[in-house]
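Reviewing the structure listed below.
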Amino acid sequence: MPIAIFLAVFIFIGLLWYRRRNPCRWERVGGKGTLKQFRCKTCGAVAYSARYDGPEQCKKGLEPPAL
């Protein structure tokens, strides 16, 4: 029984850590080449990535580059 409780607590902490580390949930919205366009379901940020599951980091705080 103590092993089951320890395992449940360990899984719960792991899920909390994962959600804080990766708050964005990416949805593919376009792109047919190497880069695909993704929109975050959580914050609405738009980003491009070559990965199938979207960018690794949240792009919400990024500003457009100055020219």
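Using a 7 Å offset from the Cα along the Cα-to-Cβ direction at both residue 28 and residue 62, what is the distance between the two label points in nm, to one decimal?
Going from the residue 28 label point to the residue 62 one covers 1.9 nm.
By how many nm would the segment from residue 7 to residue 43 lengthen if fully extended, with 0.36 nm per residue of separation less the alpha-carbon distance? All intermediate terms of the calculation are to be shown ahead of the outcome.
Working: separation 36, 0.36 × 36 = 12.96 nm, distance 3.21 nm.
Stretched fully, the residue 7-residue 43 segment lengthens by 9.8 nm.
Answer with a single label: of [x] 22, 14, 12; [y] 26, 17, 9; [z] 34, 14, 9, which was calculated as semi-axes √(5λ) of the Cα gyration tensor in Å from the structure in view?
The calculated read-out lines up with [z].
Of 34, 58, 23, which is farthest on the positive side of the dipole of the chain, counting Cα position, with +1 on Lys and Arg Cβ, -1 on Asp and Glu Cβ, and the Cα centre as origin?
Sorting the options by dipole projection puts first 34.
Rounded to the nearest 500 deg cm²/dmol, what is the calculated helix-only ellipticity per residue at 222 nm for the chain, with -39500 (n - 2.57) per DSSP H run of length n ≥ 4?
On the way: 1 runs with 20 residues, N = 67.
Per the formula, -10500 deg cm²/dmol.
If you line up the long axis of helix 2-21 against the longest principal axis of the chain, both from Cα atoms, how many degrees apart are they, to the nearest 10?
20 degrees
Taken together, the values in this text are just the output of simple stated rules run on the coordinates, not laboratory data. Since the structure is predicted, the reported quantities are computational estimates derived from the model, not experimental observations. All Cβ positions, glycine included, derive from the backbone under ideal geometry; neighbour counts span all protein chains shown.
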